[in-house]
2 protein chains.
Amino acid sequence: MHTATQPIDNGVNVTALLGAREALAQAPAAARFTWRAHCDWVRGTHSRIAVEDFYGLGETQQHRSRFTFEADHPEVFAAEDHGPTPVEYVLVGLAACLTAGVAAVAQHRGIQLRSVKATVEGDMDIQGILGMDPDVRNGFDDIRVTFAIDADASRADIEALVAQSQKRSAVYDLLTNPTHVKVEVK
Amino acid sequence: MHTATQPIDNGVNVTALLGAREALAQAPAAARFTWRAHCDWVRGTHSRIAVEDFYGLGETQQHRSRFTFEADHPEVFAAEDHGPTPVEYVLVGLAACLTAGVAAVAQHRGIQLRSVKATVEGDMDIQGILGMDPDVRNGFDDIRVTFAIDADASRADIEALVAQSQKRSAVYDLLTNPTHVKVEVK
């Protein structure tokens, strides 16, 4: 348990992040990042996706290792379920984004976290993707994120923590606001 | 190479999908799906996310196995890079969704695919997530998907295939149109 003699440690290097913010204020072009995923179709709705390199701070960067993923449709869609569906990967990203934000904001506010759990749910009417009804959208019609947080803070402080994470979350923004997506054939 | 005597086989069971569409037309409530991800914070910006169960066809469904993922921030963000960033998971989902769609539409149109590769890139100015400039959004300001497809079809047919996949894609819809996201603390 946290006492006044123990430093708050959620494993987030806030000093380095504040330093980065100062450095980027002097060189805003370095703040332009490009994230990438490379996808190979395997068979049916099964594909394999790699995440390895990205661009930022003015040059190409490599992740510490190459991360690969399988995606597929489930057996109830007459597929082989070799991996999560594409929309579940979006929920993975949303859960991870808000959770990382909770840890970073908690560190900045001097709140010791003990555990953070999040359940993310997205509702969808599959009449959309099946092309059955033009009034039904393809994507989620509603998304819910429920946090259970054990921390050295009041409920009000925990709620404020989550609200601030949401305010700065890239994936929350991507889902709640439209983004231009260009799709082309090489 | 495809000849008139070989059946088109991209590994997509179009007959079953058309059957599902007919069945759901009679019982539209069964088309309500809920997809889920469960996230546990590990330390810093590192979290572990599981995808296992979902709801659809009127009952809880289980994936063939439990899929788990690590997400983190990279070392240039003063983190430990235990996995892709949350926004890269969104790109994984987009790549997989459009690629699965290409395979399904190709099967339906009698086009034999030989290979499908997609590169997905998302541009972001990290001044947004760092809270440096309120006019810079947190998410991507632009996303590009580039397909390289080797198939038994003309370039025009391949472009039409990709356009149809885009039209029915759940993740493309999620990114290009806003979705309501509710975040709460239990």
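The values are calculated or read from the model by the stated rules, or taken from the named source; none is laboratory data. On a predicted model such as this, the values are computed, not experimentally measured, just so you know. Using ideal geometry, Cβ is built from the backbone for each residue, glycine included, and neighbour counts are taken over all protein chains shown. Accessible surface is based on the protein model in full, side chains and every heavy atom, while ligands, DNA and RNA are left aside. Shrake-Rupley method; radii C 1.70, N 1.55, O 1.52, S 1.80 Å.
Which residues, counting only those in the range A:30-72, are aliphatic (A, V, I, L, M), more than 7 Å from chain B (Cβ to nearest Cβ) and over 15 Å from residue B:76 (Cα atoms)?
A:42, A:50
Applying the selection to the range A:162-185, what residues are part of a helix (DSSP H, G or I) and β-branched (Val, Ile, Thr)?
Those that are part of a helix (DSSP H, G or I) and β-branched (Val, Ile, Thr): A:162, A:171, A:176.
Is it the case that residue A:105 is open to solvent by less than 30 Å² (accessible area, probe 1.4 Å) and either without any contact (Cβ under 8 Å) to a residue 24 or more places away in the chain or facing chain B (nearest Cβ under 7 Å) (or both)?
No; evaluated as a whole, the condition is false for this residue.
Can you find a residue that is under 14 Å from residue A:123 (Cα atoms), among the polar types (S, T, N, Q), in contact with a Phe, Trp or Tyr (Cβ under 6 Å, 6 or more places away or on another chain) and buried (at least 16 other Cβ atoms within 10 Å of the Cβ) anywhere in the range B:18-36? Break it down stepwise before answering.
At the first step, the residues of the range B:18-36 found to be under 14 Å from residue A:123 (Cα atoms) are B:29-36.
Adding the requirement that they be among the polar types (S, T, N, Q) leaves B:34.
Then drop every residue that is not in contact with a Phe, Trp or Tyr (Cβ under 6 Å, 6 or more places away or on another chain), which leaves B:34.
From the residues that got through so far, the ones that are buried (at least 16 other Cβ atoms within 10 Å of the Cβ) too are B:34.
Checked the range B:18-36: at least one residue is under 14 Å from residue A:123 (Cα atoms), among the polar types (S, T, N, Q), in contact with a Phe, Trp or Tyr (Cβ under 6 Å, 6 or more places away or on another chain) and buried (at least 16 other Cβ atoms within 10 Å of the Cβ).
Given the criteria surrounded by fewer than 20 Cβ atoms within 10 Å (Cβ to Cβ), within 7 Å of chain A (Cβ to nearest Cβ) and either free of Cβ contacts under 8 Å to residues at least 40 places away in the same chain or among the basic types (Lys, Arg) (or both), does residue B:167 qualify?
Considered against the rule, which asks whether it is surrounded by fewer than 20 Cβ atoms within 10 Å (Cβ to Cβ), within 7 Å of chain A (Cβ to nearest Cβ) and either free of Cβ contacts under 8 Å to residues at least 40 places away in the same chain or among the basic types (Lys, Arg) (or both), residue B:167 comes out as no.
Test residue A:136 against the criterion of being closer than 30 Å to residue B:29 by Cβ and in a loop (DSSP other than H, G, I, E, B), and give yes or no.
Working: closer than 30 Å to residue B:29 by Cβ: yes; in a loop (DSSP other than H, G, I, E, B): yes.
Yes: the conditions hold for residue A:136.
Report, by residue number, each residue of the range B:73-102 that is free of Cβ contacts under 8 Å to residues at least 12 places away in the same chain, surrounded by fewer than 24 Cβ atoms within 10 Å (Cβ to Cβ) and not hydrophobic (A, V, I, L, M, F, W, C).
Once the filter is applied, which keeps residues that are free of Cβ contacts under 8 Å to residues at least 12 places away in the same chain, surrounded by fewer than 24 Cβ atoms within 10 Å (Cβ to Cβ) and not hydrophobic (A, V, I, L, M, F, W, C), the range B:73-102 yields B:74, B:75, B:81.
Condition (residue is under 21 Å from residue B:62 (Cβ atoms), outside the structural domain of residue A:48 (by TED's automatic domain parsing) and part of a helix (DSSP H, G or I)) applied to the range A:113-120: is it met by at least one residue? Show your work before the answer.
Quick first cut of the range A:113-120, residues under 21 Å from residue B:62 (Cβ atoms) only: A:117-120.
Remaining after also requiring outside the structural domain of residue A:48 (by TED's automatic domain parsing): A:117-120.
Remaining after also requiring part of a helix (DSSP H, G or I): none.
Looking for residues that are under 21 Å from residue B:62 (Cβ atoms), outside the structural domain of residue A:48 (by TED's automatic domain parsing) and part of a helix (DSSP H, G or I), one finds none in the range A:113-120, hence no.
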